[in-house]
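To start, the structure itself, in C-alpha cells.
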Number of protein chains: 2
Amino acid sequence: MQKAAIERNNEVIAAQLTPVGRETVQDRVYSELRRALIGGLFEPSQVLTIRGLADALVTSTMPVREALGRLITEKALEALPNRSVRVPPITLERIDDLLRARSLIEGEAIALAATRMGPRQIATIEAMLGEWDEMRALKHKKDIDREATLNQSFHFEIYRCCGSAVLIPMIESLWLQSGPCIRVAIYAFSEAGEVDTAHYHRRIVAALAKQDAQAAREALVADISRPFAFLRDKLQSAAAKGST
Amino acid sequence: MQKAAIERNNEVIAAQLTPVGRETVQDRVYSELRRALIGGLFEPSQVLTIRGLADALVTSTMPVREALGRLITEKALEALPNRSVRVPPITLERIDDLLRARSLIEGEAIALAATRMGPRQIATIEAMLGEWDEMRALKHKKDIDREATLNQSFHFEIYRCCGSAVLIPMIESLWLQSGPCIRVAIYAFSEAGEVDTAHYHRRIVAALAKQDAQAAREALVADISRPFAFLRDKLQSAAAKGST
DNA sequence: TCAAAGCAAGTGTGATCACAAATCAAAAAA
DNA sequence: TTTTTTGATTTGTGATCACACTTGCTTTGA
C-alpha cells in the first residue's frame with residue numbers, strides 16, 4: 001500500500017499551488033458594492049436599481065438582488081416603502097449616532113488590541129505610517145482613493161488584533177454605514193487645506209507601542225471624530241443658511 | 001368643485017380602515033427564521049438546506065435563499081466552504097466574545113435609555129414585571145417560550161428608548177447570534193432549579209426609575225451574564241469530562 | 001388652462017429550469 | 001476486510017420568465 005507515499009506527494013503539490021478559491025458571482029457583486037459604499041462612490045440618498053447595477057456590473061439581476069438584500073440588512077442601504085433601495089441620507093442625528101457607536105465599539109476593539117499586539121504587529125502598522133509619509137511626499141496628485149484605502153488598512157490591521165470575531169463584523173458594518181457620510185467630509189477636507197491625518201495615526205501607534213489601552217482609545221476617538229465633526233459643522237451651517 | 005368634500009370623505013374612510021400592509025414572502029421567511037433563531041429552535045451546528053426550509057415553510061426556494069443570505073451576513077448563520085449553511089457551533093471563545101460585546105453595547109444602550117425614559121416608559125416595563133410574577137404564580141406548566149418572549153420584550157422595550165437607530169440593529173444582531181447558545185442554558189436552568197430572573201429585572205427597573213445610568217448598566221450586565229456563565233461552566237465541565 | 005383618467009415603460013418579486021458541485025451508497029478492486 | 005471508484009441523488013447558484021406594482025407621460029374632459 002503506497003498510501004503514505006501518495007499522501008506525501010499530494011502535500012508536495014499542495015505546497016506549490018495556491019488555492020484557486022471558488023468565489024460566487026454574488027460574492028463579487030457584494031464585495032464590489034461594499035467597496036463602493038465604504039469608498040463613498042455612491043452619494044447619500046442616491047437610489048439604486050437592480051437592473052441598473054446588473055448592467056453596470058455585467059451580470060444578471062440575480063446576484064445583484066441578493067447582494068442588495070444583504071446590504072439592506074446591514075443598514076448599509078435602505079429599503080423604501082416603494083420597494084426601491086437607496087443609500088441612506090445624511091442627517092445630523094445619524095452623524096452623531098454613528099460617531100457614538102464607532103467610538104464605543106472601535107474604542108473597545110483598540111483597547112483590546114493594545115494588550116495583544118506583539119512587536120510584529122506594531123512593526124506592520126509603523127510601516128504603514130511610513131507609506132503614508134511617502135505618499136504625502138509626492139503630493140502633487142491627491143490620490144484620495146489611495147489615502148482612504150490606506151486609512152482603512154491601518155485601522156483594520158489594528159482591529160484584527162483585538163481577537164474578537166464578534167466585534168470586527170460590527171465595525172465593518174459601521175464603516176459601511178458611515179462610508180457615504182465620510183466621503184463627503186473627505187472631499188471637503190482636501191479642498192479646505194488638508195489636516196494632518198498622519199499625526200493622529202502616529203499618536204495611535206505610539207499608544208499601542210506602549211500598550212497603553214486608554215491612550216490608544218482616546219487617540220482613536222480623536223482620529224475618527226474629525227471627519228464627523230467637520231461634516232457636522234458643514235451640515236449645520238448649510239441648515240442655517242437654508243432656513244434664513 | 002367638490003374637492004374639499006371628497007377629501008373629507010376619504011378621511012372618513014381612512015379612519016375606519018386599517019392599512020393592509022404589503023409584506024413580501026421573503027420578509028415573512030426572514031422574520032420566521034429570526035424568531036426561530038432567537039428562540040433557540042435550531043441547535044448549534046445544525047445545518048439548514050434551502051429546499052428543506054422551503055418545504056417546511058411552504059414556499060419556493062427563492063425567498064428562503066435570500067433570507068438565508070441575509071442571516072449569514074448578520075453572522076446569525078454560517079456559510080461553510082461546502083456552501084451549505086449551519087447555525088454556528090458553540091465554543092468557549094465565542095461565548096466570552098458574545099457576552100463581552102453584549103455587555104458593551106447593551107450596557108451603553110441602557111445607560112442612554114436611563115436618561116431618556118419618562119414615567120410612561122417606566123410604567124410599561126413595570127407592568128411587564130407584574131406580568132412576569134403572574135406567570136410564575138401559575139407555574140405548573142413551565143412555558144419556556146413565553147418566558148423567553150417576555151424577557152425579550154422587556155429588554156427591547158428599554159433599548160428602544162436609547163434613541164439610537166444604529167445601536168438597536170446591532171443589539172438585534174447580537175441576540176440573533178446568542179440565541180442558539182442561550183437556549184441551551186435556559187433549558188439547563190429550568191432543570192437545575194430556576195433562578196429568579198424577576199429579581200434581576202426588578203433591579204434594572206429600580207435603577208431606571210432613579211435615572212441611575214451606571215446602576216442600570218451594572219444590573220443589566222448581571223442579568224445577561226447569568227446564562228452565559230452557566231453555559232460556560234457547563235461547557236468547561238463537559239470538556240474536562242471528555243478529555244479524561 | 002388645468003385636473004383627472006388612461007396608457008406605457010420600468011422595476012421588484014417569486015417560480016422554474018439548467019447546470020455544476022457535493023454527498024452518499026453501492027459495487028468493484030486490492 | 002479495507003480501500004477506491006463509480007453512479008445516483010441532493011444541493012446551491014445563476015438565468016429567465018411571468019406577474020404585480022409603481023411612475024411618468026399623454027390624452028381626454030370640464
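Among the residues of segment A:123-141, at least one is in the same structural domain as residue A:233 (by TED's automatic domain parsing), over 27 Å from residue B:99 (Cβ atoms), open to solvent by less than 20 Å² (accessible area, probe 1.4 Å) and hydrophobic (A, V, I, L, M, F, W, C). Just name the residue that is nearest to the chain's Cα centre (by Cα) out of those in segment A:26-51 that are within 14 Å of another protein chain (Cβ to nearest Cβ) and crowded, with 20+ Cβ neighbours inside 10 Å. Ranking the qualifying residues of segment A:26-51, first place goes to A:37. Restricting attention to segment B:69-95, the residues that are within 26 Å of residue B:228 (Cα to Cα) and more than 9 Å from every other protein chain (Cβ to nearest Cβ) total 14. Determine whether residue B:54 is within 15 Å of DNA strand C (Cβ to nearest atom), assigned to a helix (DSSP H, G or I) and either on the phi > 0 side of the Ramachandran plot or open to solvent by less than 80 Å² (accessible area, probe 1.4 Å) (or both). Answer is yes for this residue. The residues on offer are B:61, B:115, B:18, B:91, and the sole one that is within 12 Å of DNA strand D (Cβ to nearest atom), of a type in the set (Ser, Thr, Tyr) and more than 19 Å from the chain's Cα centre (by Cα) is B:61. Scanning segment B:184-228 for residues that are part of a helix (DSSP H, G or I), open to solvent by 50 Å² or more (accessible area, probe 1.4 Å), at pLDDT 85 or above and more than 16 Å from residue B:128 (Cα to Cα) yields a total of 3. Scanning segment A:65-82 for residues that are hydrophobic (A, V, I, L, M, F, W, C), surrounded by 16 or more Cβ atoms within 10 Å (Cβ to Cβ) and assigned to a loop (DSSP other than H, G, I, E, B), we see that the one that is nearest to DNA strand D (Cβ to nearest atom) is A:77.
When segment A:52-105 is limited to residues that are small (Gly, Ala, Ser) and without any contact (Cβ under 8 Å) to a residue 40 or more places away in the chain, the one that is nearest to residue A:185 (Cα to Cα) turns out to be A:79.
Are any residues in segment A:20-51 in contact with a strand residue (DSSP E or B) (Cβ under 9 Å, 6 or more places away or on another chain), near DNA strand C (Cβ under 9 Å from one of its atoms) and assigned to a helix (DSSP H, G or I), and if so, which ones? Residue satisfying the conditions is A:50 alone. Restricted to segment B:113-122, and to residues there that are touching a residue at least 60 places away in the same chain (Cβ under 8 Å) and not small (Gly, Ala, Ser), the residue that is surrounded by the fewest Cβ atoms within 10 Å (Cβ to Cβ) is B:115. Are any residues in segment A:164-174 within 23 Å of residue A:119 (Cβ to Cβ) and within 8 Å of another protein chain (Cβ to nearest Cβ), and if so, which ones? Answer for segment A:164-174, where residues must be within 23 Å of residue A:119 (Cβ to Cβ) and within 8 Å of another protein chain (Cβ to nearest Cβ): just A:164.
Which of the residues spanning segment A:97-110 are open to solvent by 30 Å² or more (accessible area, probe 1.4 Å) and more than 9 Å from chain B (Cβ to nearest Cβ)?
Matches in segment A:97-110: A:99 only.
The residue list B:125, B:105, B:95 contains one member that is among the β-branched types (Val, Ile, Thr) and over 21 Å from residue B:164 (Cβ atoms), which is B:95.
The set of residues in segment A:83-96 being open to solvent by 50 Å² or more (accessible area, probe 1.4 Å) and not in a helix (DSSP H, G or I) consists of A:83, A:86, A:91.
The values are calculated or read from the model by the stated rules, or taken from the named source; none is laboratory data. Keep in mind that what you see is a predicted model, and the values were worked out from it rather than measured. Every residue, glycine as well, gets a Cβ built from its backbone with ideal geometry; the counts of neighbours run over all protein chains shown. We work out accessible area using only protein heavy atoms, side chains counted, and drop any ligands, DNA or RNA first. Shrake-Rupley method; radii C 1.70, N 1.55, O 1.52, S 1.80 Å.
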